[in-house]
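To start, the structure under review is shown below, and the notes come after it.
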Amino acid sequence: MEKVKCWDFFNCNEKDCPVYVAKSLRCWLFSGTHCRNEIQGKYLEKMEMCLGCKIFKTNMDVSGMKDTTRVTNEQFKEFRKIVRDRDKELENIGLELALGLSEVFEALKKISSGDPTVRIPETSKVELISKLKHIVNITAAEIGEIVDQSHEFAMGLAEHFDVLHKVSTGNLHARVTGKSQVELLESFKKVTNDTIASISREINDRKLAEAALLKAYDDLELRVEDRTAELKAANNKLLQEIVDRERAEEALKKSEEQYRSLVESTHDSIYVVDREYRYVFINKKHLTRLGLSVDAYIGRLYGDFHSPDETKLFIEKADEVFNRGESVYHEYQSLRDGRYFLLTLSPAQRVDGTITAITVISKEITDYKKMQEQLRELSLTDQLTCIYNRRGLFTLVDPMLKQAKRQKKGIFMLYADIDNLKEINDTFGHKEGDAALIETANILKTNYRESDIIARIGGDEFVVIPVGTAGEDIEKIVDRLEKSLEIYNSGRKHDYRLSLSTGVTYYDPENPCSIEELLIQADELMYKHKKNKKNS
């Protein structure tokens, strides 16, 4: 049969085509041909087109078959190597992500359960994991410092309360002991101990003076006239002792005022409740939080200012302190304004060890809880497109499927894949490929409601779950997506068109399946759509 030229047969004007430049009749062996208004890739990529081409059938001969087989074999080897390298790379990245996220979530779990000493190595091949680990370690360190300071402050105040109580019952040998890292507590300890020592000295001096006075009066009965001057001197001394005692009482009062100033100046809420859960003391910070005036709390119960649920939970924690005699830490969210607080409940004891009340220090941790939520959102969001990632999709859809099964309501799933993303990356660069992914996500967000779930679950694969969509509406939704793509492409001046192949599947509550099975079904339908588009 006579050989033919492909450019003559197709009336081709592509002067830059490598086949036209080489004037070769074996066009199927050339890569990057400009055949049929498209730039064709390697022989393996255009094999289907070439096998059905009349030029191939006409110009093929034995020597041509050898060349074709050789080129095919070389390209198969090259493709196998690329696939192996990419599989290995994806496997390493996936393993690194899984291990890193596992460490992050385990650390967050320990922190949320009250263990701020946890630390995790920050090294990782994935930059996102390294940043996550760094944030977790910083958060744990800050929380540990807050907990340590709160505990030390509570223990210090409890010791001061105990010592002052002992002094008030007559034990002048009581002193505040222990070493604190808080400078304010150390200063307060020194002032308290100095004041107690001063009072002890004054009282001892008064007792000695009283003893001397009694002796003087005994002698006075025997020698009234001779001891008149001495009696006058003793009276003057007694008057001086009374003045000194008043000064000592004034010093004690001043010490109490300094202690109250310390409690009132803190940014934390501090209050004391007795065994009947009545307020014994509330500082200014907590009065402001409750919206109360000074002394308006006297004789009032904890439940008078809190909801029944908050009161029940507080009583449970308080009972733990009364029964065990140890401090208890409790985190809760206020129903009043939604803020989060960390409570430290410590026992207030008498000299005999009887617990008469509980001192509560309440520290706001709302900013810490917001940081926790930001970490959670970061783990569920695709960094490039800012929509949900595969983990985010599974986290949201799993409870949705369970609810649909209980309520016997079906759910539709749209699976979309970008056509020719590899060609976009190879021809225009990966930056343009990333731009195509971002634009696809934006089109999906514009085309669907804010309540619908939109996620990127793979390189060029997207999933949309239109919440509450009925069967008769799903075709309209898919058509609307196609129109949105047409509008987008018509307004662009790029050398390629953004196109999606889609597959729609349905979750039947009468025949339930897992999210993985739904994805497999939708993926198969999508590939049928993609193949039909190529054949049409």
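We did not get these values from a lab; they are worked out from the coordinates using the rules stated. What you see is a predicted model; the values in this text were computed from it and never measured. Please note: Cβ atoms are built from the backbone with ideal geometry, for glycine as well, and neighbour counts cover all protein chains shown.
Once the Cβ-Cβ distance of Glu475 and Leu384 is raised to the sixth power relative to R0 = 41 Å, the FRET efficiency obtained is 0.85. Go through Lys42/Lys531; Lys312/Lys402; Lys110/Lys317; Lys42/Lys530; Lys109/Lys363 and tell me which ones have a Cα-Cα distance over 25 Å in this structure. In this structure, Lys312/Lys402 exceed 25 Å between Cα atoms. Legend: P(r) of the chain from all alpha carbon pair distances, 10 Å bins from 0, whole percents, reading 3, 12, 15, 14, 13, 11, 9, 7, 6, 5, 3, 2, 1, 1, 0, 0, 0. In a simple Cβ point-charge model (Lys, Arg +1; Asp, Glu -1; nothing else charged), the chain has a dipole of about 2140 debye relative to its Cα centre. The helix-only estimate of mean residue ellipticity at 222 nm for the chain, built from DSSP H runs of length n ≥ 4 each weighted as -39500 (n - 2.57), is -20000 deg cm²/dmol after division by the residue total.
Give me the dipole magnitude in Debye, nearest 20, for the stretch 6-83 about the Cα centre, with unit charges on the beta carbon: positive for Lys and Arg, negative for Asp and Glu.
Computed charge dipole of the stretch 6-83: roughly 220 debye.
Sorting the segments 326-337, 456-467 by their mean number of nearby beta carbons within 10 angstrom, highest to lowest, gives 456-467, 326-337.
Between the listed residues Met60, Pro18, Ile39, the Cα displaced farthest toward the positive end of the dipole of the stretch 1-97, a dipole computed from Cβ unit charges relative to the Cα centre, is found at Met60.
The Cα trace of the stretch 6-83 gives Rg and Dmax of 12.5, 38 Å, the first to one decimal, the second as a whole number.
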